[in-house]
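Chemist: One structure is given below, represented as structure tokens, and several questions about it will come after.
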């Protein structure tokens with residue numbers, strides 16, 4: 001039997017919780033550091049927004065979660081559970097196949113309770129530094145801050161699970177330095193009311209951009225979606241009187257005029273960056289062994305272990321592709337992802353990025369689709 005290690009897990013979101021459970025089940029002594037006062041990571045709705053709506057000010061008080069009030073999952077509960085702990089409908093819970101963020105948070109709390117993980121978590125503990133002690137791979141110092149007081153503990157291994165939906169990535173728009181209107185990143189979006197009677201240009205065309213644009217359109221004068229896709233033509237979205245889709249932004253002018261590559265122009269009040277996030281591990285000190293370059297953490301073997309520091313330092317929750325999950329399953333001797341589940345992911349993506357994505361969550365009979373798919 002392998003020796004028991006003292007392991008620090010950074011973050012009590014979905015990745016941190018599952019990592020903590022697996023480490024504990026193998027006999028390791030686990031401490032989970034969580035910056036917030038609750039577990040759940042990005043699924044914890046926080047009505048606060050940051051003082052800098054673009055997230056550029058390094059001295060701003062960072063709000064971890066990017067959840068907005070109307071957020072629902074864009075994946076069905078059928079594929080959001082764990083292999084031995086499915087995401088079923090809880091008592092008095094949200095029974096929809098695509099539930100709201102409250103239901104996901106309830107599921108994660110139930111998971112932590114059922115596996116005795118909550119008592120492993122140090123809440124309100126922000127990790128400010130992780131560094132090798134005397135350059136030994138199996139000895140790490142973890143410094144944290146709680147209520148302004150700093151403390152440090154030594155561990156034999158560290159697992160980084162701090163998520164990647166907090167540090168905004170912004171669009172590089174020609175002329176933006178002279179823009180006189182407001183700007184905001186989706187990280188700091190909570191409710192549509194601040195956009196009442198305004199003309200909003202949304203940069204991005206992913207599921208979140210489409211969701212938020214429809215939320216804002218309830219109160220905004222106009223919403224204009226800008227996509228980098230070369231096939232997009234200027235048009236009004238179906239079933240929406242005040243949302244238009246456009247090609248890529250050509251130029252942003254000082255007088256608040258924005259022109260698109262197809263030639264259309266609009267005078268806007270707000271540029272809304274729905275442009276994703278950067279990986280961000282400011283607490284990790286490895287003397288350049290692990291770096292973030294072009295929004296990629298590396299070098300990492302199979303997106304988990306830095307070759308020079310593994311297995312004592314690892315990252316959980318970085319990759320997205322199904323091919324990777326099949327490889328990972330093979331390494332630990334479990335069956336690959338079911339073909340039906342792979343097809344389900346593809347079908348969801350098609351629906352979520354279609355010209356009429358607003359109803360797929362409630363109108364699509366997913367249970368019937370699953371039963372009919374071979």
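Chemist: For the pair residue 114 and residue 334, what calculated FRET efficiency results from E = 1/(1 + (r/R0)^6), where r is the Cβ-Cβ distance and R0 = 25 Å, to the nearest 0.05?
Modeler: Numbers: r = 21 Å, r/R0 = 0.84.
So the FRET efficiency works out to roughly 0.75.
Chemist: How far apart, in nm, are two points set 7 Å out from the Cα along the Cα-to-Cβ line at residue 305 and at residue 78?
Modeler: Using points 7 Å along Cα→Cβ, the separation is 3.6 nm.
Chemist: Moving on to the next point. Rg/Rh for the chain to two decimals, with Rh computed the Kirkwood way over all alpha-carbon pairs.
Modeler: Working: Rg = 22.1 Å, Rh = 22.6 Å.
With Rh from the inverse mean 1/r over Cα pairs, Rg/Rh is 0.98.
Chemist: Hey, what angle do you get for helix 339-352 against the long axis of the chain, alpha-carbon based, 0 to 90 degrees rounded to 10?
Modeler: 30
Chemist: Same structure, new question: To the nearest 0.05, how large is the calculated FRET efficiency for residue 325 and residue 265 if R₀ is 56 Å and r is the Cβ-Cβ distance?
Modeler: Numbers: r = 45 Å, r/R0 = 0.80.
The value I calculate is 0.80.
Chemist: Sort 134-141, 68-75 by the packing proxy (mean of other Cβ within 10 Å over each peptide's residues), most packed first. Write down the numbers at each step before the final one.
Modeler: Numbers: 134-141: 13.2, 68-75: 17.5.
Result, highest mean Cβ count within 10 Å first: 68-75, 134-141.
Chemist: Under the rule of -39500 (n - 2.57) per DSSP H run of 4 or more residues, summed and divided by the residues of the chain, what mean residue ellipticity at 222 nm is obtained, to the nearest 500 deg cm²/dmol? Could you put the intermediate results ahead of the total?
Modeler: Working: 7 runs with 71 residues, N = 374.
So the helix-based figure for the chain works out to -5500 deg cm²/dmol.
Chemist: After finding the eigenvalues of the alpha carbon gyration tensor for segment 1-156, what semi-axes result from the square roots of 5 times each, listed largest first in whole Å?
Modeler: Details: eigenvalues 166, 109, 27 Å².
For segment 1-156, the ellipsoid semi-axes come out as 29, 23, 12 Å.
Chemist: Would you calculate the convex hull of the Cα atoms in segment 170-273 and tell me its volume per residue in Å³?
Modeler: On the way: hull volume 9.6 nm³, N = 104.
Each residue corresponds to 92 Å³ of Cα convex hull volume.
Chemist: Which length gain, in nm to one decimal place, applies between residue 369 and residue 48 when the Cα-Cα distance is subtracted from 0.36 nm times their residue separation? Let's see the in-between values first.
Modeler: Values: separation 321, 0.36 × 321 = 115.56 nm, distance 3.91 nm.
Stretched fully, the residue 369-residue 48 segment lengthens by 111.7 nm.
Chemist: What percentages make up the Cα-Cα pair-distance distribution of segment 228-374 when the bins are 10 Å wide from 0?
Modeler: Percent of pairs per bin, in order: 8, 23, 23, 26, 18, 3, 0.
Chemist: So, R0 is 41 Å and r is the distance between the beta-carbons of residue 177 and residue 149; what FRET efficiency does that work out to, to 0.05?
Modeler: It comes out at approximately 0.50.
Chemist: Here's another thing I want to ask about it. So between residue 291 and residue 350, what do we pick up on full extension, going 0.36 nm a residue minus the alpha carbon distance? Please report the intermediate quantities before stating the final value.
Modeler: Working: separation 59, 0.36 × 59 = 21.24 nm, distance 3.43 nm.
Taking residue 291 through residue 350 to full extension adds about 17.8 nm, to one decimal.
Chemist: Now a separate question. Angle check, please: helix 101-114 long axis (alpha carbons) against the longest principal axis of the chain (alpha carbons), in degrees 0 to 90, nearest 10.
Modeler: Tilt relative to the chain: about 10 degrees.
Chemist: Please report, in whole Å³, the volume per residue of the convex hull around the C-alpha atoms of segment 134-177.
Modeler: Values: hull volume 8.1 nm³, N = 44.
Roughly 184 Å³ of hull volume per residue.
Chemist: Using Stokes-Einstein with the Kirkwood hydrodynamic radius over Cα pairs, what translational diffusion coefficient do you get for segment 6-75 at 25 °C and a viscosity of 0.890 mPa s, in µm²/s rounded to a whole number? Mind dumping the intermediate values first?
Modeler: Details: Rh = 13.9 Å.
It diffuses with D of about 176 µm²/s by this estimate.
Chemist: Between residue 278 and residue 137, what length comes free when the chain is fully extended (0.36 nm per residue of separation minus the Cα-Cα distance, one decimal in nm)? Walk me through the numbers before you get to the answer.
Modeler: Working: separation 141, 0.36 × 141 = 50.76 nm, distance 2.67 nm.
Length gained between residue 278 and residue 137: 48.1 nm.
Chemist: Output the peptides 13-24, 326-337 sorted from most to least packed, where packing is the average of other Cβ atoms within 10 Å over each peptide's residues.
Modeler: Details: 13-24: 22.2, 326-337: 11.4.
Highest to lowest by the protection proxy: 13-24, 326-337.
Chemist: To the nearest 10 degrees, how steep is helix 14-25 against the longest Cα principal axis of the chain, on a 0 to 90 scale?
Modeler: Computed tilt is about 20 degrees.
Each reported figure results from applying straightforward, stated rules to the coordinates on display, with no laboratory input. Computed from a prediction, not measured in an experiment: that's the story for all the values here. Cβ sites come from the backbone with ideal geometry, for glycine too, and all protein chains shown count toward neighbours.
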